[in-house]
1. Can you name the residue in segment B:70-88 that is over 21 Å from A:Cys122 (Cα atoms) and in contact with a Gly (Cβ under 9 Å, 6 or more places away or on another chain) and, of all such residues, is surrounded by the most Cβ atoms within 10 Å (Cβ to Cβ)?
2. Is it true that some residue in segment B:72-81 is touching a residue at least 12 places away in the same chain (Cβ under 8 Å) and facing chain A (nearest Cβ under 7 Å)?
3. Show me the strands (runs of 3 or more DSSP E) found entirely inside segment A:22-105 where at least 1 residues are within 12 Å of chain B (Cβ to nearest Cβ) and at pLDDT 90 or above.
Amino acid sequence: MAREHLSNDDFFTQLASLIETTHQRGHGSVYLTQKRLTFGSSAPSSPTGKVPDDPLWDLHPPNPLPLIVRATDGKSHKLDKEGGATAKGGIGRTKNAEKVKLSTVVQPDDIEAFFTRYAEVCKGGMRGLRRRDRSKRKKKDKGKKKGLAESVKT
Amino acid sequence: MVYLKTPEEWQHHSALLLQARPTTTRITTKYKIPNLASPKYNKPNKRKRDGGDGEEKEQHTGPKVPRAVLVLKTYDPESGVVLKLKTDKAADVGRLIEGLGRLGRRMAALPEKAEEAVMEDAEVAEQAPVGGATAPNGKETAAAATTGDGKALHTSGGGGGGGGGGAKKKKKGKK
């Protein structure tokens, strides 16, 4: 990724606004990814370098490793309606320069604080999900988690 | 690709996958608000169903409100394992992200906390019959292959409790 990583604070601010814009648009997605950071780590002796003799080289790193958390709106391409649609009715796909991409690095020591805030931001932002509704009888079969297919209506 | 039924199951299997391949595994959380104006949602429902599904059909034609969904996906490009969990319940968000935090600790190669190990044991005990029956083979073998090293990882990190929890978990999962 060409751009700089954000600080954790900026990441949360921008993530919250990303979720908010998605809501205002009425549809769309937000993708959040977390992964062990294995590229350009600050440690001089790369703890993630492959050891050819040991196929399980990554199972016991000497030090805890940072995580990278990314957020995007998933819009890698945009539908080029102005130019492409007129020609053959086909819709051209062009690279979307305005794709929202956020990333931040979470140090091992900050993980707990990060995820506490992460949960707050997500709980606050993801308002389109189904609220708990105690009046519906369907909720009674507890233990069985229901899929999306079922929608509640009496 | 597998859709797991409960968050606990997803958590458990993701933890095992992460234990086996901590460097390559990534977890993606997708929050999606469907575009009800798109053709995908405007297709007439041609599928004829019989029996007690009449009620369900009626529900589908009900008032159209964009209902967001949350899809969690654990993916390891090296082995190609995909574990997914789909939910539309707001109540799940908090504990799922808490779960992400727990998995994040594994990713960072931090030892598990003792209380977490206990909690996971409880979760596993609760879902053991289901998990054992539906577990895809790839994961089971991957987890089994790394049992020894996984333990070493925990104990070296100073989390004695975590190591014990891991071993117990395996035993139950294999039933």
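The values are calculated or read from the model by the stated rules, or taken from the named source; none is laboratory data. Because the structure is a prediction, the values reported are computed rather than measured. Note that each Cβ is placed from the backbone with ideal geometry, even for glycine, and that neighbours are counted across all protein chains shown.
1. Among those residues, the one meeting the criterion is B:Val81.
2. no
3. Strands (runs of 3 or more DSSP E) meeting the threshold: A:28-36, A:67-72.
To keep it simple, each residue is scored yes or no on (1) at the interface with chain A (Cβ under 9 Å from one of its Cβ atoms); (2) more than 28 Å from A:Thr22 (Cα to Cα).
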{"position": "B:Leu4", "(1), (2)": "no, no"}
{"position": "B:Pro7", "(1), (2)": "yes, no"}
{"position": "B:Leu17", "(1), (2)": "no, yes"}
{"position": "B:Arg21", "(1), (2)": "yes, yes"}
{"position": "B:Ile27", "(1), (2)": "yes, no"}
{"position": "B:Lys30", "(1), (2)": "yes, no"}
{"position": "B:Pro34", "(1), (2)": "yes, no"}
{"position": "B:Ala37", "(1), (2)": "yes, no"}
